[in-house]
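The values are calculated or read from the model by the stated rules, or taken from the named source; none is laboratory data. Please read all numbers here as calculations on a predicted model, not as lab measurements. A quick note on method: Cβ atoms are made from the backbone with ideal geometry, for glycine too, and the neighbour counts reach across all protein chains shown. Heads up: the accessible areas ignore ligands, DNA and RNA and are worked out on the full protein's heavy atoms, side chains in. Shrake-Rupley method; radii C 1.70, N 1.55, O 1.52, S 1.80 Å.
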Amino acid sequence: MSVTAAPGFVAAAGAAGLKAGGGSDVAVVATADGRPVAAAGVFTTNRAAAAPVQVSRAHLRATGGRAAAVVLTAGNANAATGPPGRFAASRLCQLVADGIGAEEEDVLVCQTGLIGVPFPIEAVVPVLPGIVASRAASPDAAAAAAAAIMTTDSVPKGVVVARDGYTVGGMAKGAAMLAPDMVTMLAVLTTDAEVEPGVLHSALASSVAGSFASITVDGCTSTNDTVVALAGGTGGSPSLRELTAALTEACRSLASQMVADAEGATKVARVEVRGARTHVEAHAAARKVAG
């Protein structure tokens with residue numbers, strides 16, 4: 001189990017023909033009861049943010065940091081696709097919302113794959129309701145979701161971090177176009193911790209800075225980078241410091257798995273900077289050396 005390790009979350013996966021080689025290419029992670037919970041997202045710094053990034057940002061703003069589900073597709077990034085791309089991303093959210101009994105704005109969307117190709121929403125519409133209906137809290141459902149979002153990844157990536165009173169689980173994909181702030185990656189983290197959206201966002205942002213934003217493979221920054229966290233609120237109530245530590249452990253594990261699985265890589269190196277006046281200067285120096 002990874003993304004469904006925390007009580008209160010379910011997952012599902014299926015195929016819509018988006019990947020050239022076939023196989024599962026659509027995944028859904030949702031609250032078990034379909035109700036919105038505290039949510040946070042950290043997104044690409046690329047100025048040409050893809051349609052799913054635009055839609056997810058808008059949904060988090062509209063709900064004040066709450067979400068009931070995340071829908072993910074692999075094979076087509078839905079980037080540089082203009083208004084039709086934004087319509088397609090919104091349509092994915094609406095279909096998932098209909099299936100779990102939520103509102104469209106309660107669903108976030110992540111997409112990865114080829115850039116600049118119109119997204120074939122007509123291929124996903126017939127199969128997505130069935131995928132949503134198959135959601136479950138089982139380890140197999142979590143594993144299927146993690147495998148569905150892979151593109152050039154050679155292995156699925158997941159993590160579970162257990163704390164006193166709550167659990168953090170997660171899945172991610174990413175193997176190329178990996179560069180700081182962030183990487184060409186998608187990640188979904190779930191926890192049963194009880195936390196307000198603002199605290200969750202602060203914890204997630206700090207965790208990303210010390211993990212996903214501190215790795216590089218080829219110096220490229222993608223248009224679709226997204227890390228989403230959902231907090232169900234049925235478990236313990238950690239402090240900001242405690243939650244940040246747990247999320248950081250999870251994010252660092254997933255980031256390390258990405259670097260180890262980087263496309264064409266045969267070595268993994270760690271750059272350590274000592275004697276810098278500030279963390280910002282140390283980070284800048286490490287990034288230059290790594291690049």
Query raised in the report: In this structure, does ALA20 turn out to be at pLDDT below 95 and not aromatic (Phe, Trp, Tyr)?
Result: yes
Report summary line: Scanning the stretch 197-250 residue by residue, the ones that are assigned to a loop (DSSP other than H, G, I, E, B) and modelled with pLDDT under 95 total 13
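Condition check ((1) open to solvent by less than 30 Å² (accessible area, probe 1.4 Å); (2) free of Cβ contacts under 8 Å to residues at least 40 places away in the same chain; (3) of a type outside the set (Lys, Arg)) across all residues:
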{"site": "ARG241", "(1), (2), (3)": "no, yes, no"}
{"site": "ALA246", "(1), (2), (3)": "yes, no, yes"}
{"site": "THR266", "(1), (2), (3)": "no, yes, yes"}
{"site": "ALA269", "(1), (2), (3)": "no, yes, yes"}
Requested in this report: Please state which of the following conditions GLY101 fails to meet, knowing it meets all the rest: (1) open to solvent by less than 50 Å² (accessible area, probe 1.4 Å); (2) at positive phi.
Outcome: (1)
Query raised in the report: Picking from ALA40, ALA27, ALA12, which residue would you name as being in contact with a His (Cβ under 7 Å, 6 or more places away or on another chain) and either more than 20 Å from CYS251 (Cβ to Cβ) or not basic (Lys, Arg) (or both)?
Result: ALA40
**Report entry** Among the candidates ALA27, ALA11, ALA39, residue that is touching a Pro at 6+ places or on another chain (Cβ under 8 Å), assigned to a strand (DSSP E or B), crowded, with 23+ Cβ neighbours inside 10 Å and modelled with pLDDT of 95 or more
**Finding:** ALA39
Report summary line: Of the candidates ARG135, ARG91, the one satisfying the condition of being within 20 Å of PRO7 (Cα to Cα), open to solvent by 30 Å² or more (accessible area, probe 1.4 Å) and within 20 Å of the chain's Cα centre (by Cα) is ARG135
